[in-house]
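One structure below.
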Amino acid sequence: MTDCLVIIPTYNELENVEAIIQAVRDLERGYHILIVDDNSPDGTSNLVRSLMVRYPEELYLEVRKEKAGLGTAYIHGFKWALERGYEYIFEMDADFSHRPTDLPRLHRACINGADMAIGSRYKRGVNVVNWPLHRVLLSYGASFYVKLITGMRVHDPTAGFVCYKRKVLEAIELDRVKFVGYAFQIEMKFRAYLKKFRIEEISIIFTDREKGKSKMNTSIVWEAVFGVISMKFWSIFKLNGF
Ligand SMILES: Nc1nc2c(ncn2[C@@H]2O[C@H](COP(=O)(O)OP(=O)(O)OP(=O)(O)O)[C@@H](O)[C@H]2O)c(=O)[nH]1
Ligand SMILES: [Mg+2]
């Protein structure tokens, strides 16, 4: 048995999903894996189902009807994890931007006292490989913007590589989480920060995906721009569970 669950949301990740599952299973410590797939047209979920024969007790799959965004996929996964008693719950992308070999480092930070450990690209300089300059600037700029508006001192607030202790997810009212893209990542950190949980950043190297297509789009950027201001407003007036 393990008390660790890695949640991996997928949409059209046929080229990555088998390798990422294998890479997590190759880690010394046994991490369970939950794939939350949004009925990917490329058949990602069928491949996962065939792999579940290999890992019947370790690999799980939840398929949702249609593409509904990364945020709601994670909320679905968080509830699934809490119902099943996992103690350490991880967020990780399917595209190898986050190295599975860094999972134990996030885990260790939580064992050693953090409530939430973030795999951070910007804790020491800028550790991003192969991203076009405009994406680095956008992402790095976002971290300044979030700090300025919210006052939260997190170097990489849009990071999607995270380990949560279950008490953090229990304390956040998951049904009231508003956002789905980068703003979702900011929102989870801001909610944890307002609840005074101990957030620690672990420096990681982030590498752009080599296979499959990006699901980034401009609406995700606008959601974050307006979302951060909305969250600050809600936090002042104690609205929406902030
Ligand atoms: N279930 C689900 N997963 C999603 C959705 N959108 C993105 N994902 C997954 O979330 C993870 C991060 O998405 P990416 O497309 O890599 O986003 P990104 O890292 O900002 O962009 P690139 O690295 O440029 O592709 C990947 O595993 C995607 O397959 C969605 O709507 N539903
Ligand atoms: Mg990616």
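Protein heavy-atom surface of the stretch 43-157, 1.4 angstrom probe: 55% of the accessible area is carbon and sulfur, with nucleic acids and ligands not counted. Among the trypsin sites (Lys or Arg not before Pro) in the stretch 1-50, those placed in a DSSP loop whose Cβ has at most 12 other Cβ atoms within 10 Å are Arg29. Applying 1/(1 + (r/R0)^6) with r as the Cβ-Cβ distance of Asp208 and Ala68 and R0 = 22 angstrom yields a FRET efficiency of 0.35. Helix 182-194 and the longest principal axis of the Cα set of the chain meet at an angle near 70°.
Placing +1 on the Cβ of every Lys and Arg and -1 on the Cβ of every Asp and Glu, with nothing else charged, gives the stretch 174-242 a dipole about its Cα centre of roughly 240 debye.
So for Leu27, Leu5, what's the accessible-area order with a 1.4 Å probe, most first? Walk me through the intermediate numbers first.
Numbers: Leu27 25, Leu5 0 Å².
Reading off the accessible areas and sorting them downward yields Leu27, Leu5.
Ratio of Rg to Rh for the stretch 180-228: 1.06 [Cα atoms; Kirkwood radius as inverse mean 1/r over pairs].
How about the stretch 200-242: which GluC sites (Glu not before Pro) there lie in a loop by DSSP and see at most 12 other Cβ atoms within 10 Å? Of the GluC sites (Glu not before Pro), the ones in loops of the stretch 200-242 whose Cβ has at most 12 other Cβ atoms within 10 Å are Glu210.
Along the charge dipole of the chain, Cβ charges K/R +1 and D/E -1, which of Phe226, Ala109, Asn130 sits furthest on the positive end? Of Phe226, Ala109, Asn130, it is Phe226.
Electrostatic bookkeeping for Glu62 treats Lys and Arg as +1 and Asp and Glu as -1; over the other residues with beta carbon under 13 Å from its beta carbon, the sum is +2. When only the Cβ of Lys, Arg, Asp and Glu is charged (+1, +1, -1, -1), the dipole of the chain relative to its Cα centre reaches about 940 debye.
Considering only protein heavy atoms, what per residue accessible area in square angstrom results for the chain with a 1.4 angstrom probe? Could you put the intermediate results ahead of the total?
Numbers: 11190 Å² over 242 residues.
Normalised by residue count, the accessible surface of the chain is 46 Å².
Cα extents for the stretch 50-177 along the principal axes, largest to smallest and rounded to whole angstrom: 43, 32, 32. Computed over protein heavy atoms with a 1.4 angstrom probe, the accessible surface ordering of Tyr55, Tyr164, largest first, is Tyr55, Tyr164. Between 0 and 90 degrees, rounded to the nearest ten: what's the tilt of helix 133-150 against the longest Cα principal axis of the chain? Taking the Cα atoms of the chain, the angle to 133-150 is about 50 degrees. Given a Förster distance of 22 angstrom, what is the FRET efficiency for Asn127 paired with Ser219, based on the Cβ-Cβ distance and rounded to 0.05? Efficiency, rounded to the nearest 0.05: 0.20.
Taking the longest Cα principal axis of the chain as reference, the axis of helix 70-83 is set at about 70 degrees.
Take the Cα atoms of the stretch 85-242, build their convex hull, and give its volume per residue in Å³.
Values: hull volume 18.1 nm³, N = 158.
So the per-residue Cα hull volume is 115 Å³.
With both residues required to sit in the stretch 86-211, DSSP beta bridges show an antiparallel share near 50%.
The values are calculated or read from the model by the stated rules, or taken from the named source; none is laboratory data. Note that the structure is predicted; figures quoted are calculated from it, not measured. Quick reminder, even Gly has a Cβ in these numbers, built from the backbone with ideal geometry, and neighbours come from all protein chains shown. Accessible surface areas use protein heavy atoms only, side chains included; no ligands, DNA or RNA. Shrake-Rupley method; radii C 1.70, N 1.55, O 1.52, S 1.80 Å.
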